[in-house]
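The values are calculated or read from the model by the stated rules, or taken from the named source; none is laboratory data. No experiment lies behind these values; they were computed from the predicted model shown. Cβ placement follows ideal geometry from the backbone for every residue including glycine, while neighbour counts extend to all protein chains displayed. Keep in mind that these areas ignore ligands, DNA and RNA; they rest on the heavy atoms of the full protein, side chains included. Shrake-Rupley method; radii C 1.70, N 1.55, O 1.52, S 1.80 Å.
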Amino acid sequence: MHSNSLHKKIKILLVEDEKVTHRSISKALERHGYDCVGVYNLQDALNTIKQQPFDLILSDVILPDGTGIDFLEEVRKYLFSVPFVVLTASGKKSLMQKALANGASDFLTKPFNLENLPTIIERNLERRRLEDYKNSKKRTSMLFKTIQALITALEAKDSYTSGHSRRVARYALMMAEALKLTEHEKFILELSAILHDIGKIGMPDSILKKSTSLLDMEYKTAKEHTIIGSNIVGKIDELHEVAAIIRHHHERFDGTGYPDSLKGEAIPYFSRILAIVDAYESIVSDRVYSKQKSPETALEELTSNAGTQFDPVLVNIFAELIRNTSIRERQNNAS
Ligand SMILES: [Fe+2]
């Protein structure tokens, strides 16, 4: 049995009108652990792909009510990347060229050895996976660039915060390494770090740039950036985790933070990380309301608030991390 049978079965649509060939191919597919749905003409093929998704399509060229090339053309209109393997009896060059031009992934010339089917199928699935991976990387990098542009616009309003989100994200990623987070978790944490103050986009400059302490009303407005930011990001379904993390990045471990006064482990894990790296970055940079301080002083401030403002375990991990990094940097500079 094929190894794929251990996992979710790969689903293949077989379009072949010749009964004996149809039967032998579908039997071979099942034997190798694939899930096979078989149809005998173009019309049924068209109806079937509208009803259910397939991982791969195997289609004959000559069908009683049309051709496999017609089918391929229809498939490519909305199933852009599903592998489409053309079964041909002739291997006619012009036909193969037409199929390729329409996005065929591979050819199988009949008669073929049924034992070769898994190799052909896996080769095409693998190619598809690689393409999907490349595309998702491209999309991710585009997403980050777009978001970065947005944040740059936000931070341009205030020279003191310029680069803040990017630096917070860098510290967040150091924590991600130390905590051995998965790639997906890193992605979520980095995105949350970059976007954590996005809610300030609607804040009046009079509050953002104020150097004296804020009035009660102003403070109330400033606090709302957590909710506004979370609502903005929450509009994107795929980012609901990020939205929750942003909402709670000003909660305090002892339950006296905002906006929901969450306490301890009720605060999302990544919000607890963000609270630490955000505070650290603010202390070591020049801000409107305070001069920059040394990493040592910043870490002292952070650890003295372990258990009250910050998650004590995480804050110690972070302090350790910064101390080790600065030792390493000093060593590098010395050598
Ligand atoms: Fe914030």
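Observations
- Options S159, S192, S165: the member that is within 13 Å of the ligand (Cβ to nearest atom), of a type in the set (G, A, S) and at pLDDT below 95: S165
- Number of the exception - V20 against (1) open to solvent by 80 Å² or more (accessible area, probe 1.4 Å); (2) within 15 Å of A104 (Cβ to Cβ): (2)
- Taking the stretch 56-80 as the range and being of a type outside the set (F, W, Y), open to solvent by less than 50 Å² (accessible area, probe 1.4 Å) and not in a strand (DSSP E or B) as the test, the residues that pass are V61, G68, I69, L72, V75, R76.
- Members of the stretch 23-36 found to be open to solvent by 40 Å² or more (accessible area, probe 1.4 Å) and over 16 Å from T109 (Cβ atoms), listed by number: R23, K27, E30, R31, D35
Okay, residues lined up against (1) within 16 Å of the ligand (Cβ to nearest atom); (2) surrounded by 19 or more Cβ atoms within 10 Å (Cβ to Cβ); (3) in contact (Cβ under 8 Å) with a residue 24 or more places away in the chain; (4) over 25 Å from K220 (Cα atoms):
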| position | (1), (2), (3), (4) |
| --- | --- |
| K235 | no, no, no, no |
| H240 | no, no, no, no |
| R247 | yes, yes, yes, no |
| G255 | no, no, no, no |
| L262 | yes, yes, no, no |
| I276 | yes, yes, yes, no |
| E301 | no, no, no, no |
| S304 | no, no, no, yes |
| T308 | no, no, yes, no |
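- If the condition is being open to solvent by less than 70 Å² (accessible area, probe 1.4 Å), over 30 Å from M203 (Cβ atoms), over 16 Å from the mean Cα position of the chain (by Cα) and not β-branched (V, I, T), then the stretch 115-161 contributes L117, P118, E122, N124, L125, R128.
- Some residue of the stretch 208-226 being within 24 Å of E190 (Cβ to Cβ), modelled with pLDDT of 75 or more and part of a helix (DSSP H, G or I): yes
- Single match in F270, F318 (criterion: away from the ligand (no atom under 16 Å from the Cβ), surrounded by 15 or more Cβ atoms within 10 Å (Cβ to Cβ) and assigned by TED's automatic domain parsing to the domain that holds L191): F318
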